[in-house]
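Here is the structure we will look at.
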Amino acid sequence: MPISKTEYSRRRRNLMGLMEPHSIAIIPSAREQIRSRDTHFSFRQDSDFHYLCGFDEPDAVLVLMPGRRQAQFVIFCRDRDPKMEQWDGYRAGPEGVCERHQADDAFPIGDIDDILPGLIEGRERVYYSMGRSAEFDRHIMEWVNAIRAQEASGAVPPGEFTDLDHLVHELRLFKSAAELKLMRKAASITTAAHLRAMRACRPGLYEYQLEAELQYAFASGGARHAAYPSIVGGGENACILHYVENSAKLRDGDLVLIDAGCELEGYASDVTRTFPVNGRFSAEQRAIYDLVLQAQQAAIAEISAGKQWNQPHDASVKVITEGLVELGILKGKPAELIERGAEREFYMHKVGHWLGLDVHDVGDYRPGGAWRLLEPGMVMTVEPGIYISPHNKRVAKKWRGIGVRIEDNVAVTESGCEVITGDLPTTANDIEAVMAG
Ligand code: GLY
Ligand code: MN
Ligand code: MN
């Protein structure tokens, strides 16, 4: 079930409730991006724009004017054009946007220079996301200058410009029941995709052939797209955090790291499993694997309402540092090593990030300079890892080239947390069992 019209309308109402009186918010859609000459990348709507109306066409601008007597929610969009539509696909057109997305009023995007200055005129404050697009920044100034040019005739230009991101992103950080439902569904499609890849894996396959298994499972599960380019890294490629070449052959005796998640109705899942290409962990691989898993469990144990954002990360650092000392990979006293961040040679990222319409979702981590407290409705990833560079001469040879990350998606609840990707096997034994089956 996609997000309902009522929920979109509630989001706009919430945003307008946070805006100052006599203000206007202006939000552009994403633009089509050229992939090669006259073909484009698959279009993906801007997440803020989508969040506020669910209208997923390019060349559109959404306008909100709280307190206005007539239309408070206005959209500029592409006009209907039978000839263009025959070549490039359907367009809602202004009428369709009013009907399907509950805009109070809608106009052709070609008329925006004539109409928008009139909507801005008399509003004291303009909210928009400054600096994201130099071109849109320039348009805003052009529209405001058009009003300034009329000041002698009594036109009143806005006096203040405020960044819109903060307000929208604060709303997006808290997921509604409907959003959580979609994210659980995305998690379950992603789980099936990882299982499919584990079962299909064997030495001699190329990394992109495992990627193909994921893509198939996403689409056949009901999610057309991946939320981000799938990472399939065999052997030492697992040590490259965002490896997306996916072009190497998988070798007997190596691990393979898959970091992949589908996107469902705009919502991302983001899951990593690391498993042996031949179905059996070696002793060294299992030692590193078990340590990462222990770190993940320690981090998840620190997720509940009222805890600070950094507590799960700190818990994972403690486990990883102590474990690496035990394995002889780090040398020294754990407390001192933690003090100087010695783990970062092997664990160089944070334990997670917010998750939602964007895979690295929006929301302040340190509002006002202090770590944020977790609250019900927030969704995050928990993804500790250990990456031992193949070139690291300080480490015994048997460890070199091992890269392991384990990533799950976790929702903060009233009573603790819910691992929404928890159906995907995690322990080394369970993974071996899946691959043997
Ligand atoms: N897939 C990128 C990440 O895990 O953050
Ligand atoms: Mn990931
Ligand atoms: Mn992630």
Region 219-236 - residue that is open to solvent by 50 Å² or more (accessible area, probe 1.4 Å) and not polar (S, T, N, Q) and, of those, farthest from the chain's Cα centre (by Cα): E236
Those residues of region 125-173 which are open to solvent by less than 60 Å² (accessible area, probe 1.4 Å), polar (S, T, N, Q) and in a loop (DSSP other than H, G, I, E, B), in sequence order: S129, S133
Any hit, region 241-259, residues being surrounded by fewer than 22 Cβ atoms within 10 Å (Cβ to Cβ), touching a residue at least 60 places away in the same chain (Cβ under 8 Å) and within 16 Å of ligand 1 (Cβ to nearest atom): yes
Top-ranked residue in region 93-124 [being small (G, A, S) and in a loop (DSSP other than H, G, I, E, B); ranked as surrounded by the fewest Cβ atoms within 10 Å (Cβ to Cβ)]: G122
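The values are calculated or read from the model by the stated rules, or taken from the named source; none is laboratory data. A quick note: this is a predicted structure, and the numbers were derived from the prediction, not measured. Note that each Cβ is placed from the backbone with ideal geometry, even for glycine, and that neighbours are counted across all protein chains shown. Accessible surface is based on the protein model in full, side chains and every heavy atom, while ligands, DNA and RNA are left aside. Shrake-Rupley method; radii C 1.70, N 1.55, O 1.52, S 1.80 Å.
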